[in-house]
Amino acid sequence: MLETQPRIAVYLRMLSGGGAERVMVNLTSGFVERGVKVDLVLNIVEGPYLAQVPSEVRIVDLKDPRLLSGLPKLARYLRQEQPVALLSALHYNNEIAIWAKRLAGVSTRVVVSERNTLSIHARHQKDSERWSPILARLFYPWADGIVAVSHGVANDLSKVTGLSQSRIRVIYNPVNTSEVLKKAKEPVEHPWFAKGEPPVILGLGRLNKQKNFSTLIRAFSQVQQVQPCRLVIVGRGPERQKLNNLVRELGLEEDVTMVGFSDNPYAYMAQAKVFVLSSAWEGLPNVLIEAMVVGTPVISTNCPSGPVEILDNGKYGLLVPLGDIETMTKALLGVLSGDSKSVVPAWLEQFTLESATEQYLDVLGIAIQ
């Protein structure tokens, strides 16, 4: 137990359905379990993960969806509450958090978390996020702590910002193992998962350019010519119509479905024959770890960065070259025929909520007595 209970803050714009938001909610659970008071500071109190926030966490509503105009409100919160530390994730939450401390003139330790391969991510953006490498270079040096979610992300961030790698702490994304396994046992109502139906290949993530679902759909098209199977994609996003058009173009309407966002993707994982990550780039894809925890065989593109670290260079799952439809097809046919790799439990311990919580408390400067 703590002799005193320090208060820390976790700052996000909102709890939208992304991996970073899910990780931050998981961390609030870990902090609470260690006896730390937690404020979840949001620009707007919206998003599908709100229901998963522990009841012990106090939600602070800045009531301003715009990050820049919400800056003085975050600074006011810091002056009034003076948490010991503030943890932020995503652009431009990170830059706002750094500036809020300066405006507030407080001693709060501000730690920013970099969750993507920044140089690659910025090149593919058409909106303001293309400026994120420049702003990270300008303002990350002011942070009291910097966390990267993988060694690949840390290496990239060091090059982008000019910061020494010694200033960047690598902490893998936490998976709440007990919660994942509990939810994995829940039923999936979709008829394709009924007994006796063809095996299901599963993709999961935001329907955008980064997740590169077109490669998965094209590989599935070739697999289906050899073996009956179906493809389920869980997620929502701006490329839904484009992907639907590709499905129609390939004549796959009867065997591919996009079911939208699910607050329990683990039930889908548990009943799928294989999980596929087809991303063009990542930071540390949580879904790969979660599929491994559930026990579903995994195939992933060897994209920068994360999959090679999670799968130990292909020891615990199949890595295929980025955009290589033929190799992905062969990998899928192999797994569907029973050729899969098992994961030793000890390997997954580094991705547990308990491990990540301890490391984050350390970088936040919170000492557990």
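Things worth noting here:
- Selected residue (criterion: most open to solvent (accessible area, probe 1.4 Å)) from residues of the stretch 317-339 that are farther than 19 Å from ALA291 by Cα and among the charged types (D, E, K, R): LYS330
- When residues of the stretch 314-369 are limited to those that are in contact with a helix residue (DSSP H, G or I) (Cβ under 7 Å, 6 or more places away or on another chain), outside any helix (DSSP H, G or I) and of a type in the set (A, V, I, L, M, F, W, C), the one nearest to VAL25 (Cα to Cα): ILE368
- ILE120 fulfils the conditions (1) of a type in the set (A, V, I, L, M, F, W, C); (2) open to solvent by less than 40 Å² (accessible area, probe 1.4 Å); (3) in contact with a Leu (Cβ under 7 Å, 6 or more places away or on another chain); (4) in a helix (DSSP H, G or I) except for a single criterion, (3).
- Members of the stretch 116-129 that are modelled with pLDDT under 75 and of a type in the set (D, E, K, R): LYS126, ASP127, GLU129
- So LEU138, is it without any contact (Cβ under 8 Å) to a residue 24 or more places away in the chain, of a type in the set (A, V, I, L, M) and either open to solvent by 10 Å² or more (accessible area, probe 1.4 Å) or not in a loop (DSSP other than H, G, I, E, B) (or both): yes
- If you go through the stretch 70-107 and keep only what is over 26 Å from GLY283 (Cα atoms), open to solvent by 40 Å² or more (accessible area, probe 1.4 Å) and assigned to a helix (DSSP H, G or I), you end up with PRO72, LYS73, ARG76, ARG79, GLN80, GLU81, LYS101, ARG102, LEU103.
- Answer from GLU46, GLU56 - the residue that is in contact (Cβ under 8 Å) with a residue 24 or more places away in the chain, among the acidic types (Asp, Glu), assigned to a loop (DSSP other than H, G, I, E, B) and within 25 Å of GLU358 (Cα to Cα): GLU56
- Selection from the stretch 248-272 of residues that are open to solvent by less than 20 Å² (accessible area, probe 1.4 Å) and among the β-branched types (Val, Ile, Thr): VAL256
- Within the stretch 238-254, residues that are closer than 18 Å to GLN210 by Cβ have Cβ atoms under 8 Å from residues that are in a helix (DSSP H, G or I) in these pairs: GLU239/PHE213; LYS242/SER214; LEU243/PHE213; LEU243/SER214; LEU243/ILE217; LEU246/SER214; LEU246/ILE217; LEU246/ARG218, counting only partners at least 6 apart in sequence or on another chain.
- The condition of being more than 18 Å from THR296 (Cα to Cα) and without any contact (Cβ under 8 Å) to a residue 60 or more places away in the chain holds for only one of PRO345, PRO321, that being PRO321.
- No other residue among SER69, SER132, SER88 is touching a Phe, Trp or Tyr at 6+ places or on another chain (Cβ under 6 Å) and not aromatic (Phe, Trp, Tyr) apart from SER88.
- Against the conditions (1) in contact (Cβ under 8 Å) with a residue 24 or more places away in the chain; (2) outside any helix (DSSP H, G or I), GLY196 satisfies every one except (1).
- Within the stretch 198-221, tally of residues that are open to solvent by 10 Å² or more (accessible area, probe 1.4 Å) and over 20 Å from GLY334 (Cα atoms): 9
- Residue check, ASP64 open to solvent by less than 70 Å² (accessible area, probe 1.4 Å) and in a strand (DSSP E or B): no
- Residue match in the stretch 273-286 (condition: part of a helix (DSSP H, G or I) and modelled with pLDDT under 95): yes
- Here GLY35, GLY18 are screened, and the one residue that is closer than 21 Å to VAL112 by Cβ and either open to solvent by 30 Å² or more (accessible area, probe 1.4 Å) or at pLDDT below 95 (or both) is GLY18.
- Number of positions in the stretch 45-60 that are open to solvent by 30 Å² or more (accessible area, probe 1.4 Å) and among the hydrophobic types (A, V, I, L, M, F, W, C): 4
- Evaluation of ASN208 against (1) in contact (Cβ under 8 Å) with a residue 60 or more places away in the chain; (2) in a loop (DSSP other than H, G, I, E, B) (one fails), failing number: (1)
The values are calculated or read from the model by the stated rules, or taken from the named source; none is laboratory data. All values derive from a computational prediction rather than experimental measurement. In this analysis, Cβ positions are derived from the backbone assuming ideal geometry, glycine residues included, and neighbour counts consider all displayed protein chains. Remember, those area values only see protein heavy atoms, side chains included, never the ligands or the DNA or RNA. Shrake-Rupley method; radii C 1.70, N 1.55, O 1.52, S 1.80 Å.
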